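Undergrad: Got a structure for you, questions after.
FYI, it's all coordinate maths here, none of it is from the lab. Owing to the predicted nature of the structure, the values given are computational and were not obtained by experimental measurement. Positions of Cβ are generated from backbone atoms using ideal geometry, with glycine treated the same way; all protein chains shown enter the neighbour counts.
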Amino acid sequence: MIQSFNSLLQMMNAIPDEQTAVEHFTAIRWKDGAFCPHCQSDRVYHFSDNRTHKCGECRKRFSIKVGTIFEDSKIPLRQWMLAIWLITSHKKGIASTQLAKDIGVTQKTAWFMLHRLRHAAQAKSFNRQLSGAVETDETFIGGKEKNKHAWQRTGGKQGGAGKIAVLGILERGGELRADITPNLRARTVQEAIRANVAPGASIMTDEHAAFVGLAGDYYHHRVNHSAGEYVRSFCLHTNGIESVWALFKRQIIGTHHYLSPKHLSRYLAEMTWRFNRRDADEGQRVNMLLGQAAGRLRYKELIA
């Protein structure tokens, strides 16, 4: 049975022990019926311990954790649920050092747990294109050149020098999509926009040259930030997507302080997942992420 809760205390009361946590996760993962994680067969036999199962086709034994981010983890599921509550409830995420203190594990374990949860949060595919009023903007992630050691500086003009470009697309009142872009050339940026935004939508951008040429497929409106223009006719602006960048950069600066460029896309996935479920209740977000837990991430793959 799937438990309902909307506060951390309610969750701990609803799931008082490990067996209840296992049953809760089982109810979420097998909501459409039991299946074997090895061969996908629905001929599954259950042992009396309520934790072990066996496939009637491939004859393999398994637990409900097999084939998920929890596979081979020695951390109890109840402890995992605490971590899920903290990463989904805090708008700017949680640092591995703080999670380690909160749930009683080492910092290394907490770091790996958080990356497993970010792996679960990554969108596997998009079901629809964005429509209506859509804002899109680019930003750069990375430290300022003037704050770096001399040997770390890449030279060139301040702004994008030595930083990673990220493109964000926000449907007003709807979904956010954000990811690293290899460059900010018009072809690259517009291919990403056309893949995510339905033709005929109203697109709001700034004056960046990469957005020139969208008018053929969209109602394209541009605000000229360099000339001090930020809002035109009350509704033509990019304030929504810029607020997203402000939130993400506060997560980096205020919570993590530093993140590796190698893992930037994972942190973006975490922030995007949380933002897209901003109207859900706290407990709903926990169950939503548990519902996306399929897919294993090994430590060697993470640090490779």
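Undergrad: Where does helix 186-196 land angle-wise versus the long Cα axis of the chain, in degrees 0 to 90, nearest 10?
TA: 40 degrees
Undergrad: Now, a different point. I need to check one value: relative contact order of the chain, counting alpha carbon pairs closer than 8 Å and at least 6 residues apart, in percent.
TA: Relative contact order comes out at 21 percent.
Undergrad: Sorting HIS149, HIS53, HIS237 on the 10 Å Cβ count, fewest up front, what's the list?
TA: In increasing order of surrounding Cβ atoms, one gets HIS149, HIS237, HIS53.
Undergrad: With the cut-off at 20 Å, tell me which of the pairs LYS146/LYS249; LYS31/LYS54; LYS144/LYS249; LYS31/LYS65; LYS91/LYS163 have Cα atoms farther apart than that.
TA: Pairs exceeding the cut-off: LYS91/LYS163.
Undergrad: Could you grab the relative contact order for the stretch 147-291? Cα pairs under 8 Å, six or more apart, rounded to a whole percent.
TA: 19 percent.
Undergrad: Could you give the angle, 0 to 90 degrees to the nearest 10, between helix 239-250's Cα long axis and the longest principal axis of the Cα atoms of the chain?
TA: 60 degrees
Undergrad: Would you calculate, for the chain, the mean residue ellipticity at 222 nm contributed by helices, counting each DSSP H stretch of 4 or more residues as -39,500 (n - 2.57) and dividing by all residues, to the nearest 500?
TA: Mean residue ellipticity at 222 nm (helix-derived): -10500 deg cm²/dmol.
Undergrad: To continue, here is another question. If you restrict to DSSP beta bridges whose two residues both lie in the chain, what percentage is antiparallel, to the nearest 5?
TA: Given both bridge residues lie in the chain, the antiparallel proportion sits at roughly 75 percent.
Undergrad: Shifting gears a bit: Relative contact order of the stretch 47-90: what whole-number percent is it, with Cα pairs under 8 angstrom and at least 6 residues apart?
TA: 19 percent
Undergrad: Next up: Using Cα atoms only, what is the angle between the long axis of helix 264-276 and the major principal axis of the chain, expressed in degrees (0 to 90) to the nearest 10?
TA: The answer is roughly 80 degrees.
Undergrad: Give the calculated FRET efficiency between LEU184 and GLU282 to the nearest 0.05, with a Förster radius of 41 Å applied to their Cβ-Cβ distance.
TA: For LEU184 and GLU282, the calculated efficiency is 0.65.
Undergrad: Now a separate question. If you stretched the chain out fully between LYS31 and SER73, how much longer would it get, using 0.36 nm times the residue separation minus the C-alpha to C-alpha distance?
TA: Fully extending the segment from LYS31 to SER73 adds 12.8 nm.
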